[in-house]
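In what follows, a structure is listed as structure tokens, so that the remarks can point back to it.
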Amino acid sequence: MVACTPLKSVINKCVNHVASHHLNNNLEDLPIASLDAPLAKALSKVVGSSTRAGAKILHQPAYILHSQPYSETSLLLDVFTRNHGRLLVMAKGALRPYTRWRASIFQTFQTLSMGFSGKGAVRTLLDAEWVGGIPMLQGGALISGYYMNEWLMRALAREYSSDHAHAGLFDAYQHGLADLSLNAHTASEQAQVLRRFELALLSELGFAPDLAALGEIAVDASIGYDVAQQRWFHLPSTTANEDALICLMGQTVLDIRAGVFESPRTQTEAKALFQAMLMQHVTDKPLFTRQILRELKQLQTKDTA
């Protein structure tokens, strides 16, 4: 029975569920990431021919968000690069018995120096080197890492021609992974990492709340934010539908301005605000990792009962 399964084993199963079920089956279902040509046609051109003429990009800082087998010998990589955005890259021959690629090089959450070439929907991997990094994520930190990956895959369009850099977001993601691995050992510390990442993602997308519009506020003020209208209200308000507002204390607004999420109340209220904004502007579909976190909490409750 599930209640008797060790927590580590359940986490591994949950991670496999996110990676294989959601990400594999929904490559074309990401709201902003539709391909500009049929994916199968693009893949067949890459796999069935030698590297096409095109600019070579070398020594690019990158992370693999997700990988999946393609044909019997190759891997299709969903990659987040610092200077060229999010790309699909084909690692030809990666699954062959005597491939030049080490299997560990294609793990998520490890910093890579990557080279690729080609144009269009799928690039061809030329080189990938591990450049040092962090201890592997475990437990709640691992689920938090997949939570960040899932938001990146939903929010960022894949780039095909004039590569669009997300350098600031890349750095925030990199710092978040380092914090999860080295510093965030409790649920509260992991929540702080995720709130900082969500704010960085909203800022990159151009949807971050305009905190300056509130001016000076008292720590005990009651503030409401209408996500649909992107408007702040001082509560109580005669002009706002308070049932539709995300409510925050003044201290929470001040903490968000400072990028500080240590207070439990700030964590709770900032989470409600950021996730409502992401669901409004990116996707209204529930995240698989959030469901997994809820199931893990239920499991932990049963184990301690």
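Observations on the model:
- Residue within segment 97-117 that is touching a helix residue (DSSP H, G or I) at 6+ places or on another chain (Cβ under 8 Å), surrounded by fewer than 19 Cβ atoms within 10 Å (Cβ to Cβ), at pLDDT 90 or above and part of a strand (DSSP E or B) present: no
- Residue ID - surrounded by the most Cβ atoms within 10 Å (Cβ to Cβ), chosen from residues in segment 54-69 that are within 16 Å of residue 172 (Cα to Cα) and not hydrophobic (A, V, I, L, M, F, W, C): 63
- Yes/no for residue 216 being among the charged types (D, E, K, R), open to solvent by 20 Å² or more (accessible area, probe 1.4 Å) and assigned to a strand (DSSP E or B): no
- Residue that is under 16 Å from the mean Cα position of the chain (by Cα), modelled with pLDDT of 95 or more and surrounded by 14 or more Cβ atoms within 10 Å (Cβ to Cβ), where the choices are 205, 201: 201
- Summed over segment 158-187, residues that are open to solvent by 30 Å² or more (accessible area, probe 1.4 Å) and either of a type in the set (Lys, Arg) or outside any helix (DSSP H, G or I) (or both) total 10.
- Under the condition of being open to solvent by 10 Å² or more (accessible area, probe 1.4 Å), closer than 16 Å to residue 212 by Cβ and hydrophobic (A, V, I, L, M, F, W, C), the residues counted in segment 252-284 number 2.
- Index of the failed condition, residue 92 passing every other in (1) buried (at least 19 other Cβ atoms within 10 Å of the Cβ); (2) under 26 Å from residue 177 (Cβ atoms); (3) at pLDDT 90 or above: (2)
- Segment 236-249, subset open to solvent by less than 70 Å² (accessible area, probe 1.4 Å) and modelled with pLDDT of 90 or more, residue farthest from residue 263 (Cα to Cα): 245
The values are calculated or read from the model by the stated rules, or taken from the named source; none is laboratory data. All values reported here derive from a predicted model rather than from experimental measurement. Here Cβ is always computed from backbone atoms with ideal geometry, including for glycine, and neighbour counts include all displayed protein chains. Ligands, DNA and RNA are stripped out before the accessible areas are found, and what is left, the full protein with its side chains, is counted by its heavy atoms. Shrake-Rupley method; radii C 1.70, N 1.55, O 1.52, S 1.80 Å.
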